[in-house]
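A short reminder: the numbers here are calculations on the coordinates, not readings from a lab. Only a predicted model underlies this, so the values are computations on that prediction, with no experimental measurement involved. Here Cβ is always computed from backbone atoms with ideal geometry, including for glycine, and neighbour counts include all displayed protein chains.
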Amino acid sequence: MARSLDTSFLIDVLRGHPGAVAKAELLDSEEAVITIPAPVLAEFLDGAYFAGGPYLAKAMQLIAGRDVVPFDKECSLIAGQLRAELRSRGISVPMLDAMIASTVLRHHSTLVTGDAGFHRIPALAVESY
């Protein structure tokens, strides 16, 4: 099963959160297909470049060799529809989260995240740690 890593997961691994580190080790041992959605990469690198120094170096090591899943026109269509449907039900989801979810949905993956907000998105497979 393909897994897509969320920003919260990457940050937690970088900071040594025990649950995230254990999940990362489990994913590596399973030799699962692991990707990073393009919107996640942008969000993660924003913080890493801002922090700079050793934090940036560790962040770059963490993402090295990972495949990045693009955010394309189809993802845009899914994100727009998803966010509008949720909003019509009174559920507010940030656009960046809709972009991440749509990328994961489009590529038939499971999102690995510590962000409970993703559980509100129907049809999105989510794994917590």
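Whose amide H sits under 5 Å from the amide H of V68, counting only residues 5 or more places off or on another chain, with H placed in the peptide plane?
I36
Give the angle, between 0 and 90 degrees and rounded to the nearest 10, that separates the Cα long axis of helix 95-106 from the longest principal axis of the Cα atoms of the chain.
Value to nearest ten degrees: 90.
With Cβ to Cβ distances under 12 Å as the rule, what net charge do the other residues near Y129 carry (K, R +1; D, E -1)?
Numbers: positive: R3, K23; negative: D6, D12, E25, D115, E127.
Charge balance in the 12 Å sphere: -3.
Nearest 500 deg cm²/dmol is fine: what mean residue ellipticity at 222 nm does the chain get from its DSSP H runs of n ≥ 4 alone, each adding -39,500 (n - 2.57), divided by its residue count? Mind dumping the intermediate values first?
On the way: 6 runs with 74 residues, N = 129.
The per-residue figure over the chain is -18000 deg cm²/dmol.
Once phi is turned into ³J(HN,Hα) by the Karplus curve 6.51 cos²θ - 1.76 cosθ + 1.60 with θ = phi - 60°, what whole-Hz value does each residue of region 20-30 show in order, with x for glycine and proline?
Here the 3J(HN,Hα) series is 5, 5, 5, 5, 4, 5, 5, 4, 5, 6, 7 Hz.
Going by how many other Cβ atoms sit within 10 Å of their own, how do T103, T110 line up, fewest first?
Numbers: T103 28, T110 15.
Fewest-to-most Cβ neighbours within 10 Å comes out as T110, T103.
Contact order normalised by length for the chain, with contacts defined as Cα pairs under 8 Å and 6 or more residues apart; what percent is it?
Details: 166 pairs, mean separation 41.4, N = 129.
Relative contact order, the chain: 32 percent.
Using the Karplus curve 6.51 cos²θ - 1.76 cosθ + 1.60 with θ = phi - 60°, what ³J(HN,Hα) values do you get for each residue of region 113-125, in whole Hz, with x for Gly and Pro?
Each residue of region 113-125 in turn: 8, x, 8, 5, x, 5, 5, 7, 9, x, 6, 8, 7 Hz.
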